[in-house]
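Here the structure comes first, spelled out in structure tokens, and everything after it is commentary.
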There are 2 protein chains.
Amino acid sequence: MTAINFAVIGYGGMGSYHVHNIMPNENERIHVVGTYDISGERQKISSQYNHKIYNTLEDVLTDETIEALLIATPNDSHKELAIQALQAGKHVVCEKPVAMNVEELDAILKVAKETGKIFMVHQNRRWDPDFLITRELYKNHQIGELFQIETRVQGANGIPGDWRHELKHGGGMLLDWGVHLLDQLLFLVDSRIEKVSADLSYILGDEVDDGFITYIIFENGVRAIVEVGTTNYTKLPRWYLKGTKGTAIIYDWDLTGEMVIESGKQNIQAPRPVQAGVGLTKTMAPPSEEATETKNLPQGSAEYDPFYKNFYNVVREQAEPVVKNEEVRQVMVLIEEIFKAAKR
Amino acid sequence: MTAINFAVIGYGGMGSYHVHNIMPNENERIHVVGTYDISGERQKISSQYNHKIYNTLEDVLTDETIEALLIATPNDSHKELAIQALQAGKHVVCEKPVAMNVEELDAILKVAKETGKIFMVHQNRRWDPDFLITRELYKNHQIGELFQIETRVQGANGIPGDWRHELKHGGGMLLDWGVHLLDQLLFLVDSRIEKVSADLSYILGDEVDDGFITYIIFENGVRAIVEVGTTNYTKLPRWYLKGTKGTAIIYDWDLTGEMVIESGKQNIQAPRPVQAGVGLTKTMAPPSEEATETKNLPQGSAEYDPFYKNFYNVVREQAEPVVKNEEVRQVMVLIEEIFKAAKR
């Protein structure tokens, strides 16, 4: 096994997280040779880790010991960097969002095809345990067939960092957490999209969206609500999932939650009306006790390789990529549709 | 004080609830003389309560001791009954939804105007304590200015009763609980509507909707999500309210809930990144401890009279109705818009 020699372009929050937290999990397959960053300060930090410090991009691209690049720079720079890297004969791992729009992505994919080099986007949240539980419920019908998927991440800290506040760098939350949630959704639901409605939030006064809500109807009948909020002081569950035989909630990344499932018992007493405000309701009364049972959430697991292991196998053994460029493209198409829908 | 003599048309679930649970609260003002129902069984039940039992509608309309009628029949009969009652010189209290559509309502309102008789719709949930808390937050800014209002009722019992399953009777949940939630919303938010998107649910296979989700953008910038579900085995909070300085949750009709508000303290430490699935997030990390405070929900109260007290004052003293027909009409216009938006 010969490890793939990597250079890292952009040693900021994500770049350093790759180097110190993700790549080491595959230390037989992935070897970080060095880093290039426009910030002298970040270069200095990187130099403490026995990394080669490149002074120019050119130096990276002409370094023949380097087989692959990780691009972890602001979103508006991905296209140019990826194209230059591919043309220099390097494989590329690129942070999400892959590019500013579909047009940019297509330009990258054209060069990847021409050069025969691997281009793979780091959609790491396909391995999130909460997502894998949802995927397990979707595939194995513990609450019946899933027909409504509500996926939310909500915080109260506003838009993070610096360049993410700026339109020209591809800032905003739709291109940040939005990409993750939409990638998970399209990876999950095997159907074309019929209808998209959306609303972007600009409550913080930035030029980019500080969150969004989108409602997606798939051709197979599945509905999805996808929401990212940065102005939520307390939050709704991470996942709320409706199936034909039950409902599941995953509250948070700590995987607390439950499923409530119809018991299937016959001759169940009708629910008794409950007081609701100044009226009574039978419709919204809890089902009678024997009508449902509450269960623990199932375990979820990925039957696919971890990201960098997969990347290695794609490069060395022509394996199928877990994150396919066509899928990444579908997410970008959807993001463009969401921007459009919000303007309608 | 001379009580208003009422006859009740339709002694089913709602009719009998009025007679036994709501009207007695105003027993100096409201007197139930008798009932008329097409069901012999329900007439028999009513006769046990010292009610006069009318055998025909004609008998009610020609009974000169009767000053007002309560119409609590299936939705498709409201228009004809209301018009006949008004033309017979009776005041009318009508259950919601007032009619099948705006056209029917306009026909009723025309006759009300011609006859000079009072026509008032029983939008009783303007007095719901959970709604009154929301109204308190909206008016007095305990969590800053409310800019997002999420109002949900969710049950697992399907569409209730018999005629509510049928299109011709005005069945479905948009015309049932939907009317309540939309009436509360429009009573709360003093702004015109800019945009409506909506999706109706037909998961139970009925010819009418078993629930719906609508997203409403008001001209003043407020966003509302209104949802009624009858296929939810476990539920999201009754109210989720976002303000510029905090977020409030009212979980249920029992009024449990809280508000989380920014503390306004200066020099607050930035939130520390937390593990979220296979990645880290600072954006979605909880705010640092000193940055927010959690408080009890405020009390809410109606500064307007209870429904039947108000009705009495409208009839006897030319008081302003709490439930204005123009407001009721706006809700019907919105409901028609929701049906249209769901088809787009």
Between A and B, accessible area buried - total, square angstrom, nearest 100, 1.4 angstrom probe: 5200
Relative counts (whole %) of C-alpha pair distances in the range A:78-197, using bins that are 5 Å wide: 2, 9, 16, 17, 18, 15, 12, 7, 3, 1, 0
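How much net charge surrounds B:GLU67 when only the other residues with a Cβ under 11 Å from the Cβ of B:GLU67 are counted, with Lys and Arg +1 and Asp and Glu -1? Walk me through the numbers on the way to the answer.
Values: positive: B:LYS90, B:LYS117, B:ARG316; negative: B:ASP63, B:GLU64.
With Lys, Arg at +1 and Asp, Glu at -1, the neighbours total +1.
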Positive minus negative residues near B:LYS282 (Lys, Arg vs Asp, Glu; Cβ under 13 Å): 0
P(r) tail fraction, the range B:28-93 - alpha-carbon pairs more than 18 Å apart, %: 36
Helix-only mean residue ellipticity at 222 nm for the protein assembly as shown, each DSSP H run of n ≥ 4 adding -39500 (n - 2.57), per residue, nearest 500: -8500 deg cm²/dmol
Sorted largest first, extent of chain A alpha carbons per principal axis (Å): 75, 47, 38
Low-density loop cleavage sites - GluC sites (Glu not before Pro) in the range A:236-319, where at most 10 other Cβ are within 10 Å (DSSP): A:GLU303
Local electrostatic count, A:GLN84, Cβ distance below 10 Å [Lys/Arg +1, Asp/Glu -1]: 0
1.4 Å probe accessible area per residue over chain A, in Å²: 42
Rounded percent of accessible protein surface that carbon and sulfur make up, chain B, 1.4 Å probe: 46
By accessible area with a 1.4 Å probe, ligands and nucleic acids excluded, highest first: order of A:HIS78, B:HIS91: B:HIS91, A:HIS78
Top of B:TRP163, B:TRP177, B:TRP239 by mean-square fluctuation, Gaussian network on chain B, Cα under 10 Å: B:TRP163
Crossing angle, helix A:129-140 versus chain A [Cα axis fit, 0-90 degrees, rounded to tens]: 60
Over 30 Å (Cα to Cα) - which of B:LYS195/B:LYS282; A:LYS113/A:LYS242; A:LYS324/B:LYS282; A:LYS195/B:LYS295; A:LYS117/B:LYS282 fall in this group: B:LYS195/B:LYS282; A:LYS113/A:LYS242; A:LYS195/B:LYS295; A:LYS117/B:LYS282
Charge dipole magnitude, Cβ of K and R +1, D and E -1 - the range B:105-176, Cα centre, debye nearest 20: 260
Label distances, nm, A:GLU289 versus same residue in remaining copies, Cβ-directed 7 Å point: 4.0
Reduced Cα scattering model of the range B:126-303, Debye log10 I(q)/I(0), q = 0.12, 0.14 Å⁻¹: -0.67, -0.86
Options B:GLN330, B:GLY171, B:MET23, ranked by Cα towards positive dipole end of the protein assembly as shown, top entry (Cβ charges): B:MET23
Cβ nearest the rotation axis (A onto B), residue from chain A and distance to the nearest whole Å: A:SER197, 2
Value of Rg to Rh for the protein assembly as shown (Rh from inverse mean 1/r over Cα pairs, i.e. Kirkwood): 1.07
Nearest-first distances (nm) between copies at A:TYR304, label 7 Å from Cα via Cβ: 5.5
Unit Cα scatterers, Debye sum, the range A:184-270: log10 I(q)/I(0) for q = 0.18 Å⁻¹: -1.00
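The values are calculated or read from the model by the stated rules, or taken from the named source; none is laboratory data. Everything numeric in this text was worked out from a predicted model, so none of it was measured. Ideal geometry is used to build each Cβ from the backbone, glycine not excepted, and the neighbour counts take in all protein chains shown. Areas reflect the complete protein model, heavy atoms only, side chains present, ligands, DNA and RNA absent. Shrake-Rupley method; radii C 1.70, N 1.55, O 1.52, S 1.80 Å.
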